[in-house]
1. Of E53, E67, E139, E98, how do they rank once you tally other Cβ atoms within 10 Å and put the fewest first?
2. Pick out, from V40, A56, A83, the residue whose Cα sits farthest towards the positive end of the charge dipole of the range 39-111, with +1 on the Cβ of Lys and Arg and -1 on the Cβ of Asp and Glu.
3. Check I64: other-chain or 5+ apart residues with amide H under 5 Å from its amide H, H built from backbone geometry?
4. Amide H to amide H, which residues 5 or more places from V69 or on other chains are under 5 Å from it, using H placed in the peptide plane?
5. Which FRET efficiency, nearest 0.05, do R245 and Q47 yield, Cβ-Cβ r, R0 41 Å?
6. For the pairs K63/K104; K59/K210; K121/K210, flag any whose C-alpha to C-alpha distance is greater than 20 Å.
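What follows draws every value from the coordinates through simple rules; no lab data is involved. Small disclaimer: the values here were computed from a predicted structure and weren't measured. Glycine gets a Cβ as well: all are built from the backbone with ideal geometry, and neighbour counts include every protein chain shown.
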Amino acid sequence: MDRRRSLVIGAALVAVLGVALVVLYARGADQRAADRFDGVDVLVATQPISAGESVASAKSAGKIGTETVARADVLADAATSYAGIADQVALVTIYPGEQLIGDKLGSSGDAAATLPIPAGKMAVSVNLTDAARVSGFLEPGSEVSVFLNGTDPGTGQPFTRLLLPRVTVLGVGSTAPVSTTTTDDGGNQTVEELPRTLLTVAVDQGQAQKVLYASTNGELAFALLNGQSAVKAGSTGVTAANLFR
């Protein structure tokens, strides 16, 4: 009799414990569901944002979007709007799906401090079209030659000439596309969206002056190099007069 009573009492305790566990699980599920539906809109990267690239530029290039994240999954200091961060730049590469957080954003000075600038050099950024940057093959660490497409102020004749024989790329970041309108002989206009890229290179003071002057008085183009590329400095360049010689 005592054994039977003990079994009944044990079964009752197990049943009570089971009910309690079910209730606790249900409450936890309700809380998890509440957390899931109690979402927070945060800014996330939709495309890679390169170190040194500004939030404003990344936004214009369509690299940042808004995503609703469960409150429990929102990272500390995650940005929920562009207020206060539009002028900041990425200190490191921010990959698609990552929330924009304060630890990965800072001033341009902070970003410059994270770039691997060689001793005695400085970082200079130029804005290039997709074709002028070797159609996307450039990346940090690449070595390039810099060419200038310009117009001779004395003769008014266009020319292409080597500006810098070999410099190192420190950073690559996209900016907003630029609309270019061309008109054919019949007067028909065609509007083309040209993607542009902000490239940062390591140069000395003299090279920096040349790059900055050339970028505002002509159009720069980069040529990707390898260890065996032959580049001859001091070339007179190419004009209409010697193009086919």
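1. If I rank by nearby Cβ atoms, fewest first, I get E139, E67, E98, E53.
2. So the residue we want is A56.
3. Close amide H contacts, sequence-distant or interchain: T46.
4. Those lying under 5 Å, H to H, from V69 are V40, D41, V42.
5. Working: r = 45 Å, r/R0 = 1.09.
Computed FRET efficiency for R245 and Q47 comes out at 0.35.
6. K59/K210
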